[in-house]
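No value in this document is a laboratory result; all are computed from the given coordinates. Not measured: the values here are computed from a predicted model. All Cβ positions, glycine included, derive from the backbone under ideal geometry; neighbour counts span all protein chains shown.
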Amino acid sequence: MNPPRLNRPRLNPLRHPWRTAAEASALIVAVVVAFPLYWMVLGAFKPAGEIESTEPRPWTLAPSLDSFRRVFGQQDFGRYFVNSLVVAGSVVIVSALIAFLAATAVTRFRFRFRTTLLIMFLVAQMVPVEALTIPLFFQMRDFGLLNTLGSLVLPHIAFSLPFAIWMLRGFVKGVPEALEEAAYIDGASRSRFLWQILFPLVLPGLVATSAFSFISAWNDFLFAKSFIISDTSQSTLPMALLVFFKPDEPDWGGVMAASTVMTIPVLVFFVLVQRRLVSGLGGAVKD
Amino acid sequence: MTSVTHRPTWTPWLYLAPALLVLGGLLVYPIWQLGLISFFRYTQAQVSGGEPTTFQGFGNYSALFSDPQFWQVLLATVLFAAACVVSTLAVGCALAVLLTRVRAVPRLALMLAALGAWATPAVTGSTVWLFLFDPDFGPVNRLLGLGDHSWTYGRLSAFLLVLLEVVWCSFPFVMVTVYAGIRAVPAEVLEAAALDGASQWRIWRSVLAPMLRPILTVVTIQSVIWDFKVFTQIYVMTNGGGIAGQNLVLNVYAYQQAFASSQYGLGSAIGVVMLLILLAVTLVYLRLLHRQGEDL
């Protein structure tokens, strides 16, 4: 990237004023970007008097778990957490399997309408799923799925598929053709090659792809709000969070604690797959 | 291609069957239904079966197009999305370039912070930003000495607040993707440019930007599509569209018409308008890809 001499570490910052300035600004930006998350976690641990203070301080000397207790006590929060996990988990597993098969079909085979299909998957990614809330509402009603977690799982599988297929293509392509031929020569059947050779090799890519399906399902607010109308035992986290968020008098401690609980799983998942995510995105974008 | 993959079989269609089934049933069919409902009179009475659904042609559309609020919301949506896209791309690209100029530790710090913002769910991001800008208890007003100035009261400042949150959670995608793209540019090319005496800005404009064009196209189009259909942030941060609907965008407007006012036909017509606009964007995108000689 840089000419080689720029890469050698030097102790005197004055010798590389530009790099020092760049590194300082990178750190400042990092602090600014991370600040909302820090403030969220801090707000979750602040005692009630400190959070609703007109002189907010960026630290607390008396961290307390009161807000978390309120969140888990007042509402059936644990249940909503599990509901969210069930929805996101089902979406991830089912869409990963379906996308793996489809991605294999479009990368490992040449057949009529292949290019047409690929363009359709691309166009499908662009469909504003929110616009489909109304017909989906009636469809879920006809399936008898309103007020069940199924009404959240099914649409999200459909909406995460096009992107997952598109992104997995790169990973499936990366497995050498020679490997496939060798497997067949050794007498492996097609399904044996598919599940025992190709699948484990593509698994890292599947995990990265899953990050996107997981997040879209975990974050879903619109469908949860529209399809889970009366049975609150089927609510997911975004709806539960808003219980503490009354526009006139929000319980900020509760909101921050609930937000923290909702954000942590995604954060952990993201940090775990970030390396693959970046390379996968590069592949999906460049192909 | 090898002989293995050349042999025409029905296997690919077998592999594709589950995907096509799901997409057909839960994506294509709802689009068809959306179009259909938009031509009917469809309100609470029809949903409960009290009145028969009546076909009314373009009735919903003419009602929509003659409503000044619709045009106002459409204009606000376009301007808001444009502002979000431009800011996201500017911030994302600038930080991607910055990432290539620094050593490992600052780079890791910025990457991790960006990943955190990226991973934050839209609902929690919205509540946290509201809290930061809260007139009574938020740190931002104290820091800027704004007293109890309310950010959500004025139309523009409410949109600005939502824009900040949207940029915060969507610039990481641009930054990470563009950074990966820059890393893929051969070092010799940049060294040659630097040796020829090109300035940083000149290198970006004449060397990097043209080489990164495919990637920039993708992130631009993705941003347009995401920002055009922002729902959660507007809904949560402006409490369902702001005072007297001043912060409505098409998506929230459609939701309010359909589920709050039970005007399902009208809501669907708004959905169709959105679908058509994004379809047009997609076609432009496909043309650009085609012109760049991308091979599917």
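Details
- Rounded to two decimals, the Cα radius of gyration of the protein assembly as shown over 2.2 N^0.38 Å is 1.01.
- Helices meeting the span-like rule in chain A (full DSSP H runs, Cα extent of at least 27 Å along the helix axis, mean Kyte-Doolittle score of 0.5 or higher): A:17-45, A:77-108, A:150-173, A:199-219, A:252-286.
- Gaussian network model of chain A, springs between alpha carbon atoms under 10 Å - residue of A:Thr116, A:Thr260, A:Thr54 with greatest fluctuation: A:Thr54
- Segment A:Ala188-A:Phe111, extension gain: residue separation times 0.36 nm, minus the distance between their alpha carbons: 25.5 nm
- Between the listed residues B:Gly125, B:Val47, B:Val105, the Cα displaced farthest toward the positive end of the dipole of the protein assembly as shown, a dipole computed from Cβ unit charges relative to the Cα centre, is found at B:Val105.
- When you filter the chymotrypsin sites (Phe, Trp or Tyr not before Pro) in the range A:31-65 for DSSP loop state and at most 15 other Cβ atoms inside 10 Å of their Cβ, you are left with A:Trp59.
- Förster radius 22 Å - calculated FRET efficiency between A:Phe199 and A:Phe143, Cβ distance, rounded to 0.05: 0.10
- Taking every alpha-carbon pair within chain B, the share separated by more than 24 Å comes to 65 percent.
- 222 nm mean residue ellipticity, helices alone, for chain B (DSSP H n ≥ 4; -39,500 (n - 2.57); rounded to 500): -21500 deg cm²/dmol
- Gyration tensor (alpha-carbon) shape descriptor, the range A:76-286, a/c threshold 1.5: prolate
- Shielding of B:133-142 by partner chains, average beta-carbon count, 10 Å: 4
- GNM top mover of B:Thr11, B:Thr232, B:Thr152 - chain B, alpha-carbon springs below 10 Å: B:Thr11
- Each residue of the range A:225-232 was assigned a 3J(HN,Hα) from its phi angle through the Karplus curve 6.51 cos²θ - 1.76 cosθ + 1.60 (θ = phi - 60°); the sequence is 5, 8, 9, 9, 8, 10, 8, 5 Hz, with glycine and proline shown as x.
- Estimated purely from DSSP H runs of n ≥ 4, each contributing -39500 (n - 2.57), the mean residue ellipticity at 222 nm for chain A is -23500 deg cm²/dmol once divided by its residues.
- Placing pseudo-labels 7 Å out from each Cα toward the beta carbon at B:Ser150 and B:Phe65 gives an inter-label distance of 3.8 nm.
- Kyte-Doolittle mean at least 0.0 and Cα axial length at least 20 Å: DSSP H helices in chain B: B:68-101, B:104-119, B:155-183, B:213-228, B:264-291
- Between the beta carbons of A:Asp231 and B:Leu112, assuming R0 = 51 Å, the FRET efficiency works out to 0.85 to the nearest 0.05.
- Sites matching trypsin sites (Lys or Arg not before Pro) across the range A:179-251 that sit in DSSP coil, with at most 13 neighbouring C-beta atoms within 10 Å: none
- Test item: A:46-55 mean partner chain Cβ contacts at 10 Å: 2
- Here the dipole of the protein assembly as shown is about 1860 debye; that uses its Cα centre as origin and unit charges on the Cβ of Lys and Arg (positive) and Asp and Glu (negative).
- Average projection, convex hull of the Cα set of the range A:180-281: 10.0 square nanometres.
- Average beta-carbon neighbours from other chains, 10 Å sphere, peptide B:223-232: 3
- Calculated FRET efficiency, B:Ala104 to B:Asp136, Cβ-Cβ distance, R0 = 45 Å: about 0.60 to the nearest 0.05.
- For chain A, a crude dipole built from +1 on the beta carbon of Lys and Arg and -1 on the beta carbon of Asp and Glu, taken about the Cα centre, is about 1300 debye to the nearest 20.
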